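Down below is the structure, laid out as structure tokens.
Nothing in this text is a laboratory measurement; each read-out follows from the coordinates by a stated rule. Predicted model only: the values in this text are computed from it and were never measured. Reconstructed Cβ throughout: ideal geometry from the backbone, glycine too, with neighbour counts over all protein chains shown.
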Amino acid sequence: MHNSLRRRIVKDFRKNKYLLIMMLPVLVYFLIFHYGPMYGALIAFKNYAPRLGLSGSPWVGFSNFQKFLTNYSFWNVFRNTITISLGSIVFGFPAPILLALLLNEVRHGFYKRTVQTITYMPHFISIMVICGILVDFCSSNGIITQAVSALTGTESRNLLTRPELFKTLYISSGIWQEIGFSSIIYLSALSRIDAELYEASSIDGANRWQQMRSITLPGLMATIIILFILRIGRLMGVGYEKILLLYNPSTYEAADVISTFVYRRGLLNMEYGFGSAVGLFNSLINMTMLITFNQISRKVADQGLW
């Protein structure tokens, strides 16, 4: 049995050796930068001090997790993280799907390419530049502030100092930046739908709306489900970069999320064990959501990541 397995492995290697060699750098990358650092998760269970190292730092068990869960800021940062993430999913996830469906209906080639180029461009703009644009446009004399003031008849005031508007500005700017680039995968999926299906439905008298409902959307469903599951797996992953560049003391209550909380406590205050514990807490929630929604998708739609 052992010799048979060995012969199969040798035969497979000889047959696919060039593919395996091409895959080797990717495998090394994941081993070094993704699996190797998992050992560092032990910091979450220790009172880590750089001078003592990982092995010399005292073991504190679940103390860092308890400190986070009982911290007076926990519910506020947890609620803000969930609210921003769910808002991004509810409003941001369907946006590239709708754009792809609309572009798929456009028959004028030049107009279609122009719209695609314009919507793709914001994705390639640095987050620093995006936040700089938002700060200028939302200032007291900014174009967005002036438009809001004219429409609502309210006083012209810096929008980024209003806590009730911070989440809206964050989510809407994210949609604007990513809607075009995210639509690429849906446009690719649409291009694989058999054109004969549209021709047959047209002969049967189906209009464009009926074709979209009966052919286009079912053809996209597998892609939508997979991407939705992957997005749910990043439910707690609200990045700190954009938040740090946009928030200020007047919006801390509405803008402070887990990642910015970890940045202040884990890096600025050098509480490395505490920051690692919060990061591990986030990862566990994300993993749980990913597995749960994958199982639900498998039962309901017979589609999933595995």
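Between T168 and S201, residue separation times 0.36 nm minus the direct Cα-Cα distance comes to 7.8 nm. Here the stretch 159-200 and the stretch 221-271 have alpha carbon centers that stand 20 Å from each other. Within the same chain, lysines fewer than 8 places from K112 are excluded, and of the rest, none has a Cα less than 27 Å from its Cα.
Fraction of C-alpha pairs exceeding 21 angstrom in the stretch 1-74: 60 percent, rounded to a whole number.
Across every direction, the projection of the convex hull enclosing the Cα atoms of the stretch 215-290 has a mean area of 6.7 nm². Sequence-distant contacts, meaning Cα pairs under 8 Å at least 6 residues apart, place the relative contact order of the chain at 26 percent. Between I185 and Q211, the contour length at 0.36 nm per residue exceeds the alpha carbon distance by 7.3 nm. Between the amide H of K46 and those of V60, distances stay under 5 Å, these residues lying 5 or more places away or on another chain, with hydrogens modeled in the peptide plane. Give me the log10 of I(q) over I(0) for the stretch 1-131 at q = 0.21 Å⁻¹, as the Debye formula computes it from C-alpha points; what are the numbers? Debye curve over Cα of the stretch 1-131, log10 I(q)/I(0) at q = 0.21 Å⁻¹: -1.21. A straight chain from K17 to A222 at 0.36 nm per residue would run longer than the Cα-Cα distance by 70.5 nm.
Which of G304, T154, G40 sits closest to the plus end of the dipole of the chain, meaning its Cα is farthest towards the positive end, when Lys and Arg get +1 and Asp and Glu get -1 on the C-beta? The residue sitting farthest along the positive end of the dipole is G40. For S140, the residues whose amide H sits under 5 Å from its own are N158, ignoring neighbours fewer than 5 places away on the same chain, with H placed 1.01 Å from N. So if R0 is 25 Å, what FRET efficiency would W59 and L284 give, r being the distance between their Cβ atoms, rounded to the nearest 0.05? After rounding to 0.05, the efficiency reads 0.80. Straight-line cross-link reach from K167 at under 17 Å between alpha-carbon atoms covers these lysines, not counting any fewer than eight positions away in the same chain: K242. For the stretch 58-175, the relative contact order comes to 25 percent (Cα pairs under 8 Å, sequence separation of at least 6). Computed from phi, the 3J(HN,Hα) profile of the stretch 179-193 under the Karplus parametrisation 6.51, -1.76, 1.60 (θ = phi - 60°) reads 4, x, 5, 5, 6, 4, 5, 6, 5, 5, 5, 5, 5, 8, 6 Hz, with x in place of Gly and Pro. P(r) for the chain, from all Cα pairs and a bin width of 20 Å, is 23, 48, 26, 3, 0 %, short bins first.
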